[in-house]
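Step one of this worksheet: look at the structure below.
The values are calculated or read from the model by the stated rules, or taken from the named source; none is laboratory data. Every value quoted in this text rests on a predicted model; they were computed, and no experiment measured them. Here the Cβ positions follow ideal geometry from the backbone for every residue, glycine too, while neighbour counts run over all protein chains shown. Please note that ligands, DNA and RNA were not included when accessible areas were found on the heavy atoms of the full protein model with its side chains. Shrake-Rupley method; radii C 1.70, N 1.55, O 1.52, S 1.80 Å.
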Amino acid sequence: MPSSDCYPIDVTPGLSRLFLDFCAGDPRVRPFYSSLPRETGWQRRCPIPDHWNEVIELLATQNASAATAQALQALRAGAGTVVTGQQVGLLGGPLFTPFKAATALARARQATAAGHPHVAIFWLATEDHDFAEINHVTFPSRKELKKLVYAKAPANPVPVGSVVLDETIEPLMEQAWELLGASDAMDALVAAYKPGRTFGQAFGEFYARAFAAQGLLVLDAAGSEVHRLGAPVLRAAIERADELHAALLERNKALEAAGYHAQVAVAPQSSLLFLIDERSGARIALKRTAPNAAEPNGLWQAGRERFTTADLVGILAAEPERISPAALLRPVFQDFLLGTSLIVGGPAEIAYFAQSAVLYERILGRKTAAEPRLSATLIEPAIGELLRKHELGLERVLKETADSLAQLLAARAMPVEGKRKLAAAGSALDTELKPLLEYMMAMDAGLGRSAETAASKMRYQMNRLRRLAANFELQREGSLRRHAEAIERALNPGGVLQERVHGAGYYFARYGFELAETLTGLAGDPCPGHKAVWL
């Protein structure tokens, strides 16, 4: 197990207050969740669904390798489930994808060790239709980040998991070979991502291979059989649409009253469902028209087509795969099917789970517990050497841009005499300004404000002297900027967390499928925040 440092979760930028308070176990979020992180009540399995044997057979069909036999047998014996999932991104998607799988596995192991057998399941989000979100991957190269894009977009916004790869995937695989080199992971990517396979098939096959040793099960739930089993949830979203919409609006008000914001907007005509168009295959949002005198039961609209509630119930009965859950309903649909004990999600998913909770209560009569996935930055040996050389910690790196980091390295590399003189000048300036400003403010408030403005300009010029000295050092020692750019590119590319930018395939290619067990171990230790992992 590589060494790791544990940082508070708020070192990572852009997180919502709701997510931060949830991670901290703040009691103010208790009304919105069934449990808080590190609580273990979820380990007691919820009642086994009536359709459980059918679900197991579906899982067995999609997970036919010997590696999954033990997990399937555990489910047959009544084991509970820990579920996570992700959109089916190109060549394995972003790095946080295996972080999710590893966290689900770690929690399932912890529950099993406590005497409550559980199995981890990875839900393939094949029904999502945002192709631009999944058609690319970014791999680190020696001096840049290389973005590979599968540009053959479908003509309509169809579920992305069904998009079939054509021959244009082959030159992308050649580029991937050049970037990643020969490895078991590269072989697995080549075997999965080839013409004739769908995005969903390729992604699922790769992760089944990556986490084979851990017994991870994968599930593509886009088919008619899964939707038939989950039809009670979808039917509730059709027949009780107005009730559920009102409940979500009330929940949003409660979140706002508590000082939070709703992760998913609930518009006046929005619903919890999409309809797959029978001609084009497009996934179209179903909008709800409220009941009125002419239509006492209200109407539904998908694009230009209108439907009654009875029409949609009929489609659900005849072609259940055409009714698709939206973001807030999907976890309810998923957990009805799988009898989920715990769902593992990223920051946005945990935040909108506070909204989905009211749907759980009304449709399932219970709420599934949720926990955040592993949050981590992987530090490769060469970057680790640079951090040690420049005495940098991850927390500081995450606050800097490439330019400001270069300035920092230059300031630290400056000769001791220069550092002392700049420090002495800055200290002397502050020492002399403070009593002068107090004196002028005491004489007259307007004079004091003018003096503060003048003092700010003097401090600015002092900082400019520091930057001039640092820029001179950068010009004299060119390696400092190269080091800053390498660190930023590796750990905080463009001010975005590594886990959201770098492709997972790169790290599996570099460190082997053994990385899956490493990540599972890291997800199992008690750090409640963000990890810096020294590979």
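Okay, here's what the table says:
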{"item": "Gain upon complete extension [Thr453, Lys146; 0.36 nm per residue less C-alpha separation]", "result": "105.9 nm"}
{"item": "Probe 1.4 Å, protein heavy atoms only - accessible area per residue of the chain in square angstrom", "result": "44 Å²"}
{"item": "Cα gyration tensor, the range 353-453 - rounded (a/c under 1.5), prolate or oblate", "result": "oblate"}
{"item": "Prolate/oblate/rounded label for the range 300-414 (Cα gyration tensor, a/c 1.5)", "result": "prolate"}
{"item": "15 Å tail of the calculated P(r), the range 235-275, as % of Cα pairs", "result": "43 percent"}
{"item": "Protein-only accessible surface order, largest first, of Asp21, Asp130 at 1.4 Å", "result": "Asp130, Asp21"}
{"item": "Largest to smallest accessible area among Tyr193, Tyr7 [probe 1.4 Å]", "result": "Tyr7, Tyr193"}
{"item": "For the range 429-535: relative contact order, % (alpha-carbon pairs under 8 angstrom, 6 or more apart)", "result": "9 percent"}
{"item": "The range 55-173, relative contact order [Cα under 8 Å, separation at least 6], %", "result": "24 percent"}
{"item": "Most positive-pole-ward Cα, Phe22, Ile315, Ile48, against dipole of the chain from beta carbon charges", "result": "Phe22"}
{"item": "Apportionment of accessible area to carbon and sulfur, the range 376-535, percent (1.4 Å)", "result": "56 percent"}
{"item": "Cα-Cα separations in the range 24-172 greater than 27 Å, expressed as whole percent", "result": "42 percent"}
{"item": "Nearest-20 debye value, the chain charge dipole, Cβ charges on Lys, Arg, Asp, Glu", "result": "1280 debye"}
{"item": "The range 428-535, Rg to Rh (Cα coordinates; Rh as Kirkwood inverse mean 1/r)", "result": "1.27"}
{"item": "For the range 237-326: rounded, prolate or oblate by the Cα gyration tensor [a/c cutoff 1.5]", "result": "prolate"}
{"item": "Partner lysines for Lys253 [C-alpha distance under 27 Å; skip if fewer than 8 residues away on the same chain]", "result": "Lys287, Lys367"}
{"item": "Lone cysteines, the chain (no partner Cβ under 4.7 Å)", "result": "Cys23, Cys46"}
{"item": "Length released on extending from Glu438 to Ala382, taking residue separation times 0.36 nm less the Cα-Cα span", "result": "15.1 nm"}
{"item": "Part-to-part distance (alpha-carbon centres) for the range 365-409 and the range 235-280, which is given in Å", "result": "36 Å"}
{"item": "Distance between the range 93-156 and the range 476-506 - C-alpha centres, whole angstrom", "result": "21 Å"}
{"item": "Protein accessible area in the range 150-290, 1.4 Å probe - carbon and sulfur %", "result": "54 percent"}
{"item": "Inter-probe distance in nm under a simple model that places probes 7 Å from Cα toward Cβ, at Lys421 and Gln269", "result": "7.1 nm"}
{"item": "Accessible-area ranking of Met458, Met1, Met173, Met440, largest first, probe 1.4 Å", "result": "Met1, Met458, Met440, Met173"}
{"item": "Mean separation of Cα contacts under 8 Å (6+ apart) over length of the chain, as relative contact order %", "result": "25 percent"}
{"item": "Separation of the Thr61 and Cys6 label points, Cα + 7 Å toward Cβ, nm", "result": "4.4 nm"}
{"item": "Exposure rule at most 16 other beta-carbon atoms within 10 Å, DSSP loop GluC sites (Glu not before Pro): the chain longest free segment", "result": "279-390"}
{"item": "222 nm mean residue ellipticity, helices alone, for the chain (DSSP H n ≥ 4; -39,500 (n - 2.57); rounded to 500)", "result": "-15500 deg cm²/dmol"}
{"item": "For Thr308, solvent-accessible area (1.4 Å; no DNA, RNA or ligand), Å²", "result": "50 Å²"}
{"item": "Estimated vicinal HN-Hα couplings, Hz - the range 221-233 in sequence order (Karplus 6.51, -1.76, 1.60; Gly, Pro = x)", "result": "9, 7, x, 5, 5, 5, 5, 5, 5, x, 4, x, 5"}
{"item": "Potential lengthening between Ala114 and Phe472 on full extension [0.36 nm per residue; Cα-Cα distance subtracted]", "result": "122.9 nm"}
{"item": "Solvent accessible area, Å² - Phe131, 1.4 Å probe, full protein context", "result": "20 Å²"}
{"item": "The chain: mean projected area of Cα convex hull, nm²", "result": "30.9 nm²"}
